[in-house]
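The values are calculated or read from the model by the stated rules, or taken from the named source; none is laboratory data. Just so it is clear, the structure is predicted and the values come from calculations on it, not from any experiment. Positions of Cβ are backbone-derived with ideal geometry, glycine not excepted, and every protein chain shown enters the neighbour counts.
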Amino acid sequence: MGFVKNFLLTALGFLLVILVRGAVLPHVPGVIETRTASLVASRRSCSILFLGPSYVGNMIEPKAFNAEAKRIGFNATACKYGTEAFKGYELRLWIERLLAHDWPRLKVVVIDITLGDTIGFNPDNWFKPRTLEWHTASAVPWLFNYYRKRAPGRAPEHARLFVSHLEHVAAHYLEIGQGTEALDRLRVMERLVPAVAREEPAVDAKRSVREAKAKKNLKGAAYEQQVKKLAASKKKRAFGPSQWPLELRDVVRQRGAEAYFLLAPVLYSRAKPSAAAAGPDRLVLLDFNDPERYPELYAEKVRGNTSHLNRAGIPLYSKILARKLYRQSRRAR
Amino acid sequence: MIFTQPVFFLFFAVTFGVFWALRGERARRVWLLVASYFFYGYWDYRFLALILGCTVFDYTVALWLPRVDAPAKRRLFIVASLCANLGVLGLFKYYNFFVDSASELLRAVGLPRFDATLKLVLPAGISFFTFQSMSYTIDVYRREIEPRRNFIDFATFIAFFPQLVAGPIVRAKTFLPQFDTPRRFADVAVRQALYLFAVGYFKKACVADNIASVIDPLFSQPTAFHAADRVLGAALYSVQIYCDFSGYTDMAVGAAMLLGYELAKNFDAPYLSRNLREFWQRWHISLSSWLRDYLYIPLGGNRGGPWGASRNLMITMLLGGLWHGANWTFLLWGFLHGLGLAVHRLWTARVGGGGALLSGSPRLATILSTAFTFFWVAACFTIFRCADIGTAFRFFVGPVARAETLRLAPDLWLILAFLGVAHFLFKRYAQDLRAFVARVPDLAFYPALGAIAATLLYFTPLSAEPFIYFQF
């Protein structure tokens, strides 16, 4: 009895501090919260929602898309939600979260599936602010189902990953580390941060950064060769699994919109989901991962690096998307 | 599984609940063993075979030892135990280091290099449990203790999770007798245990881990920073390693107390030591006393005069350095401590200690000798922390400043001074604090504990740093 009483007293003190802190200290939204709030605020006018990793976040410009749509007479307004390394199956949770709001004009959700069907829960990113922010109570059942459905042979590994997810959820609600972050925000250690940030990489690190940059920033003949390699591999028409995009489409359709899928104009070869190949209700796939069909997106002058377009390429890609979606909408009619 | 991670709290809550819910002592010990193996296997289940193998081997050796009277045969048994433990340690921890060093040596004299290194993962805490197991068989060999017939007891002694991976190194003669008396929850000093755990958590998560994020860049690129900041970084690392290791120990002692068991004290305000000898009586006490009892004294100890004792000290400290890992920096660290201890011994024998020079002003003598000891210890820890001897060399003799020299925040000097004062005050008022904790009514203690826990979590860095001593 005494044990229970003491436990409850401890919990009371614990909760009191969290409540008082919440009441006294101003709430500072995280990256996800900020992005979500801005998207949700613009949802009333949005008819085409782009969702995906940095290929959406950094390479699609709704302004350029909307301007092109207006020019060609396509009655559409675009909005986007793009986050680094935002991968396939993880998108499902976000579709559910975002579409839980009222979207009066939404017709199409364009989902970038370039990065494939996994979740970006890499140990390198564990306990980073964004990862922590993502792990809310609503993510738990979703994560449970995700691991339950996947490779039963890897159950011990999945169980361990699931425990790590639970740790993230606990850390999220216990506000672990937020004090240090708050001190950062109060600029107590302001002078320290630039000092550390300016740290020069060690000699080996310098070399690997150089090598990675060289690999990412191919120039001249090396770049052309990479494009040719990609074009050749695309001819082999590799198909990948399509169950998960079909699931994503079902979720979108349940909310009264249509789902299209996107393979971004990256310089490495991505497999198409097989359900995009044939059938009466095949997946609509906008495949830009093909230098022969979209040579303008693979011209060296519009490339920032192997994966991304530069400032010149972004509006170009957005305009092509507008035209492509216009054609698709007319076909659908 | 690190003590500061949420998964540990979940694990401990289950272990604690089931442990006290079980009625019989035997069932509790079996449960403790299962929990300890789960804790260890959580890192990598393959390591379980290793710890189980070491346990079975030493258990068997110790059982056989009393049945053998012939000294030669007894020696054979104990040598077998030592070879098995040191062999495991040598293979996992030192094999690649020695092979690599030999290969480098061949290259240096113009002969072709060879690569016979193995891809081995170092099992967590291997140095701790092998030393613990060795001390048991040595004590049985010396007839200081009787072998434990109950395998579960012995296996639990080796694998007891609070101290399994980073000590304190527990002696069989102090720990195993605790299994002979039934544990009662009413006897557990719950408040002291929770207080210790909270203090340990504060040291580890709020101090050590926050310092780590500040000084890690400095140790990876020492010459990019101003010389004054390198001095600051060296002092901060001394604080970090102390808070990391002693914080871990406090949590280990607190967790063991909650299960009704006592662990040995491992730290006693080491940075208030007035000389290196005192430092080693206050720092990692379980290792230094282990080295004293099983290495320094068998080597001859203080016999052989000041020079003989100095030689024994040097050998002990060199091996103590090597115990930390296969790196020349650890050897140099051990050498410098051995040198410091030997010089102190010779100096004391001739002059009568540092205080003798300032006999008229004992307080000043204490301050100066404490500062000098800290300076030496911090310099040694700097070498200990650097990735290799080259980096350590650059740390000490790098340029004072460069055109693009980086600076640490000057606020850190204030933080260092604050931590120094806290170290002093905590030692001075530790007894009073413990008495206060015991005296406060439940209605104040437990809500305060909850409030402190919420505040500690708030200032815990997002990524939990592994304990520094896990790698040893």
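Observations on the structure shown:
- Selection status of A:Ala64, surrounded by 20 or more Cβ atoms within 10 Å (Cβ to Cβ) and part of a helix (DSSP H, G or I): no
- B:Asn266 passes every criterion in (1) buried (at least 22 other Cβ atoms within 10 Å of the Cβ); (2) in a helix (DSSP H, G or I) apart from (2).
- A:Trp126 vs. criteria more than 14 Å from chain B (Cβ to nearest Cβ), out of contact with any strand residue (DSSP E or B) (no Cβ under 6 Å at 6 or more places or on another chain) and either within 28 Å of B:Leu462 (Cβ to Cβ) or buried (at least 18 other Cβ atoms within 10 Å of the Cβ) (or both): no
- Checking B:Arg28 against (1) closer than 30 Å to B:Leu331 by Cα; (2) touching a residue at least 12 places away in the same chain (Cβ under 8 Å); (3) surrounded by 14 or more Cβ atoms within 10 Å (Cβ to Cβ), the condition it does not meet: (1)
- Of all residues in region B:406-464, those being within 14 Å of chain A (Cβ to nearest Cβ) and in a helix (DSSP H, G or I) number 25.
- Look at (1) on the phi < 0 side of the Ramachandran plot; (2) touching a residue at least 60 places away in the same chain (Cβ under 8 Å); (3) more than 14 Å from chain B (Cβ to nearest Cβ) and you find that A:Arg35 fails only one, number (2).
- So A:Lys80, is it out of contact with any Lys or Arg (no Cβ under 6 Å at 6 or more places or on another chain) and surrounded by fewer than 21 Cβ atoms within 10 Å (Cβ to Cβ): no
- A single member of B:Leu52, B:Leu89, B:Leu105 is surrounded by 13 or more Cβ atoms within 10 Å (Cβ to Cβ), in a helix (DSSP H, G or I), at pLDDT below 85 and of a type outside the set (Ser, Thr, Tyr), and it is B:Leu89.
- Residue in region B:162-185 that is within 13 Å of chain A (Cβ to nearest Cβ), over 29 Å from B:Ile51 (Cβ atoms) and not charged (D, E, K, R) present: no
- Any hit, region A:52-59, residues being in contact (Cβ under 8 Å) with a residue 60 or more places away in the chain, buried (at least 19 other Cβ atoms within 10 Å of the Cβ), in contact with an Asp or Glu (Cβ under 8 Å, 6 or more places away or on another chain) and not in a helix (DSSP H, G or I): yes
- Residue identified as under 29 Å from the mean Cα position of the chain (by Cα) and free of Cβ contacts under 8 Å to residues at least 40 places away in the same chain among B:Ala70, B:Ala49: B:Ala49
- Qualifying positions in region B:187-218 - over 21 Å from B:Ile2 (Cβ atoms), of a type outside the set (Asp, Glu) and more than 10 Å from every other protein chain (Cβ to nearest Cβ): B:Val188, B:Ala189, B:Gln192
- B:Ala234 vs. criteria in contact with a Ser or Thr (Cβ under 6 Å, 6 or more places away or on another chain), within 30 Å of B:Asp442 (Cβ to Cβ) and touching a residue at least 40 places away in the same chain (Cβ under 8 Å): no
- Considering the conditions (1) away from chain B (no Cβ under 14 Å); (2) of a type in the set (D, E, K, R); (3) more than 24 Å from A:Val284 (Cβ to Cβ), A:Lys5 is excluded by exactly one of them, (1).
- Restricting region A:114-133 to residues that are of a type in the set (S, T, N, Q) and in contact (Cβ under 8 Å) with a residue 40 or more places away in the chain, the residue that is farthest from A:Phe288 (Cα to Cα): A:Asn125
- Taking the listed residues A:Asp112, A:Asp117, the one that is touching a Gly at 6+ places or on another chain (Cβ under 6 Å), away from every other protein chain (no Cβ under 14 Å), at pLDDT below 90 and on the phi < 0 side of the Ramachandran plot is A:Asp117, with no other qualifying.
- Top-ranked residue of region A:138-180 - restricted to ones that are farther than 30 Å from B:Val214 by Cα and surrounded by 20 or more Cβ atoms within 10 Å (Cβ to Cβ), ranked as modelled with the lowest pLDDT: A:Tyr146
- Residue tally, condition part of a loop (DSSP other than H, G, I, E, B) and at pLDDT below 80, over region B:300-326: 3
- Qualifying residue in region A:94-111 (condition: free of Cβ contacts under 8 Å to residues at least 40 places away in the same chain, small (Gly, Ala, Ser) and surrounded by fewer than 13 Cβ atoms within 10 Å (Cβ to Cβ)): yes
- Conditions (1) buried (at least 19 other Cβ atoms within 10 Å of the Cβ); (2) in contact (Cβ under 8 Å) with a residue 60 or more places away in the chain; (3) part of a helix (DSSP H, G or I): number failed by B:Val170: (3)
- Qualifying residue in region A:9-29 (condition: farther than 30 Å from B:Tyr195 by Cα, touching a helix residue (DSSP H, G or I) at 6+ places or on another chain (Cβ under 8 Å) and more than 12 Å from chain B (Cβ to nearest Cβ)): yes
- Cross-chain or 6+ apart pairs with Cβ under 6 Å, region A:17-30 first and at negative phi and free of Cβ contacts under 8 Å to residues at least 12 places away in the same chain, then of a type in the set (Gly, Ala, Ser) and surrounded by 11 or more Cβ atoms within 10 Å (Cβ to Cβ): A:Val17/B:Ala451; A:Val17/B:Ala454
- Looking only at residues of region B:3-20 that are more than 10 Å from every other protein chain (Cβ to nearest Cβ) and either among the charged types (D, E, K, R) or closer than 14 Å to B:Leu194 by Cβ (or both), we find that the one that is surrounded by the most Cβ atoms within 10 Å (Cβ to Cβ) is B:Phe3.
- Residue within region B:73-94 that is in contact with a Pro (Cβ under 8 Å, 6 or more places away or on another chain) and of a type outside the set (Lys, Arg) present: yes
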